[in-house]
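The values are calculated or read from the model by the stated rules, or taken from the named source; none is laboratory data. Keep in mind the model is a prediction, meaning the values are calculated, not measured. FYI the Cβ positions are ideal-geometry reconstructions off the backbone, even for glycines, and counts take in every protein chain you see.
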Amino acid sequence: MVDLDRYGYLGCQRLKDATPVDTGETKNGWHYKIVRSKIFFYNDNPDVIRFLCHGHMSTAGTWVAGNDFVSPILKEIQNDIRRETLIHDRRILRRERRRKRVDVRFK
């Protein structure tokens, strides 16, 4: 079984490391919640994250381009979970095959 708590913690650490720092408030605002076998990542400053990812107008009136640092990290976590699930499922299948072989021999 996949330890979603571990991936939630790992995801928050990766998001914190990738978040640009001014005051540190947004960087330290990352949290996660597990609901029905799903991990939800959220930040205490969602507006700032939106501006950082999608861009915004500066006070001088110029456009500041966005840098979507969140999506690649979430895809990475998702792929890690898939990989671990696949490895776990393969182990279970191997055990079942071994049991069937053993059962057939002793019947």
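Some points to look at:
- For the stretch 5-58, filtering for residues that are buried (at least 16 other Cβ atoms within 10 Å of the Cβ), touching a residue at least 24 places away in the same chain (Cβ under 8 Å) and over 19 Å from P72 (Cβ atoms) leaves 0.
- Entry remark, the stretch 59-87: residues being without any contact (Cβ under 8 Å) to a residue 40 or more places away in the chain, within 20 Å of D5 (Cβ to Cβ) and surrounded by 12 or more Cβ atoms within 10 Å (Cβ to Cβ) number 1 in total.
- Residue in the stretch 88-106 that is surrounded by 10 or more Cβ atoms within 10 Å (Cβ to Cβ) and either in contact (Cβ under 8 Å) with a residue 60 or more places away in the chain or at positive phi (or both) present: yes
- E84 vs. criteria under 22 Å from L10 (Cα atoms), of a type in the set (D, E) and modelled with pLDDT of 95 or more: no
- Residue ID - modelled with the highest pLDDT, chosen from residues in the stretch 2-20 that are in contact with an Asp or Glu (Cβ under 9 Å, 6 or more places away or on another chain) and over 24 Å from L52 (Cα atoms): D3
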